[in-house]
Amino acid sequence: MTHTSKLDYIIVGQGISGTCIAYQLIKKGFKVLVVDGGHAKSASAVAAGLYNPIVFKRFTESWLAHELINYLDSFYAEFETLLNVKIHRKLNIVKILSNQAEVDLWKKKSLNTKFMFENISTDYFSSSVKKNEGLGFVEHSGAVDVLTFISEFRKYLTSTNSLLEDVFDYDEISNQENKITYKGLDAKAIVFCEGANAMFNPYFPQKAFKLTHGELIDIEANDLPTNEVLNKGVFVLPFGGNNYHVGSTYEWELVDGDTSEKGLNELVSKLENVLSVSYKIAKHKAGIRPTVADRRPLIGKNNNHSNLYFFNGMGTKGVMLAPYFSEIFVNHLLSNTPFDSEIDIARYY
């Protein structure tokens, strides 16, 4: 199918970030072309889609938790209506507390946030989880079915002749003052949403990334919560029937996106500390995360080319960060509103 040469924006990559940017631009009436060759080892391809407004290390609210949670509710509801799909589930997270110090800290911190229940449970699913000091509950958390989110929007892009299934070739860019051309297609700008593959982009500031390798497993188990997420060292996320996502690992040295015996053993070991029921491993997955040195998104322009943009660095919180910041990004394209220095990719040039 031939693509029109009259475009507003070319978007490179259709993971979580690229899908959000394309959706926001199309919603505002712009003609876009998404270029994506499919990357099996991308973070989006294997993401469990869990989001959590609480940082469990210190039981504090995550960065911009209130703004992000408020926005994603309306964003995913609108997306579901447009494509007639169900991708978003609100699920409480059940934090398994290991000792009395954790219990005391939970009770103290829960007084200052709407995301944590103050009351500690001591008997919830007690026959299914290992002995503990209590269970704390996080609300306004949940999960997005990332695979459906991406695949259904990909169908939509195909139906509107807005997808080019191809590996992007940087040598095919021709940059002029008022437009940019890619393989004969003119646009106002190119937006790179490549995740970890930005490491191969000659326009991207390489020092911004320290990639991480992550692994997950899917298990089948009975007698576990089907509407809550268990968390202690790993998360146990229900995704239908008696099926659960379990993750995840963080590997900083060997970043190849392949599953490993080391990763599998780590997940199994941590899972054994959580569950007291039997389970069966159904699938083992791995991917590469686009981890940013300062844990903040990478949004903005190339330092030498004003019509080459980046929307990247959402990390493990992609389903939570990408919707909110995609609107901020699109508002910048329309009215040139400045990016906050905390997220502006200019900090790495």
Exercise for review: Only residues in the range 133-159 that are small (Gly, Ala, Ser) count as the first member; pair them with residues that are in a helix (DSSP H, G or I), Cβ under 6 angstrom, at least 6 apart or cross-chain, and list the lot.
Suggested key: Gly134/Val103; Gly136/Trp106
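Please determine whether any residue of the range 327-345 is of a type outside the set (Val, Ile, Thr), farther than 15 Å from Ala48 by Cβ and in a strand (DSSP E or B). Before you say what the answer is, go through the steps one by one.
The initial filter retains those residues of the range 327-345 that are of a type outside the set (Val, Ile, Thr), namely 327, 329, 331-336, 338-342, 344.
Among the residues that remain, those that are also farther than 15 Å from Ala48 by Cβ are: 327, 329, 331-336, 338-342, 344.
In the following step, the residues that additionally are in a strand (DSSP E or B) were identified as 344.
Within the range 327-345 (the criterion being of a type outside the set (Val, Ile, Thr), farther than 15 Å from Ala48 by Cβ and in a strand (DSSP E or B)), the answer is yes, since at least one residue qualifies.
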**Study point:** Residue satisfying condition, being of a type in the set (D, E, K, R), part of a helix (DSSP H, G or I) and either in contact with a Leu (Cβ under 8 Å, 6 or more places away or on another chain) or in contact (Cβ under 8 Å) with a residue 60 or more places away in the chain (or both), within set Lys317, Lys283, Lys270
**Key:** Lys317
Study note, to complete from the structure: Per the filter on the range 131-155, residues in contact with a strand residue (DSSP E or B) (Cβ under 7 Å, 6 or more places away or on another chain) and either farther than 22 Å from Leu64 by Cβ or buried (at least 20 other Cβ atoms within 10 Å of the Cβ) (or both) are Asn132, Glu133, Gly134, Leu135, Gly136, Phe137, Val138, Ser141, Gly142, Ala143, Val144, Arg154
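Mind listing whichever residues of the range 221-240 are assigned to a loop (DSSP other than H, G, I, E, B), more than 19 Å from Thr148 (Cβ to Cβ) and among the small types (Gly, Ala, Ser)?
Answer for the range 221-240, where residues must be assigned to a loop (DSSP other than H, G, I, E, B), more than 19 Å from Thr148 (Cβ to Cβ) and among the small types (Gly, Ala, Ser): just Gly233.
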Revision key, fill the gap. Residues of the range 42-62 being under 14 Å from Asn231 (Cα atoms) and among the polar types (S, T, N, Q), in sequence order, are Asn52
Exercise for review: Restricting attention to the range 168-179, report how many residues are under 29 Å from Phe79 (Cβ atoms) and either exposed (fewer than 13 other Cβ atoms within 10 Å of the Cβ) or in contact with a His (Cβ under 8 Å, 6 or more places away or on another chain) (or both).
Suggested key: 0
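Give the residue that is nearest to Thr122 (Cα to Cα), with candidates limited to residues of the range 136-159 that are of a type in the set (A, V, I, L, M, F, W, C) and over 13 Å from the mean Cα position of the chain (by Cα).
Taking the range 136-159 as the starting set, the residues that turn out to be of a type in the set (A, V, I, L, M, F, W, C) are 137-138, 143-144, 146-147, 149-150, 153, 157.
Those still in the list that are over 13 Å from the mean Cα position of the chain (by Cα) too: 137-138, 153, 157.
Working: Phe137: 12, Val138: 15, Phe153: 43, Leu157: 49 Å.
If we take residues in the range 136-159 being of a type in the set (A, V, I, L, M, F, W, C) and over 13 Å from the mean Cα position of the chain (by Cα), then Phe137 is nearest to Thr122 (Cα to Cα).
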Check your understanding: Looking at this structure, is Ala282 surrounded by fewer than 21 Cβ atoms within 10 Å (Cβ to Cβ) and modelled with pLDDT of 95 or more?
Key -> yes
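Hey, among Thr160, Thr122, which residue is more than 28 Å from Leu254 (Cα to Cα), exposed (fewer than 13 other Cβ atoms within 10 Å of the Cβ) and not assigned by TED's automatic domain parsing to the domain that holds Ile299?
On the way: Thr160 fails: not assigned by TED's automatic domain parsing to the domain that holds Ile299.
Matching residue, one of Thr160, Thr122: Thr122.
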**Study point:** First in the range 209-220 and more than 16 Å from Asp258 (Cα to Cα), second anywhere and assigned to a loop (DSSP other than H, G, I, E, B) and among the β-branched types (Val, Ile, Thr), Cβ under 6 Å, 6 or more apart
**Key:** Lys210/Thr291
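The values are calculated or read from the model by the stated rules, or taken from the named source; none is laboratory data. On a predicted model such as this, the values are computed, not experimentally measured, just so you know. A quick note on method: Cβ atoms are made from the backbone with ideal geometry, for glycine too, and the neighbour counts reach across all protein chains shown.
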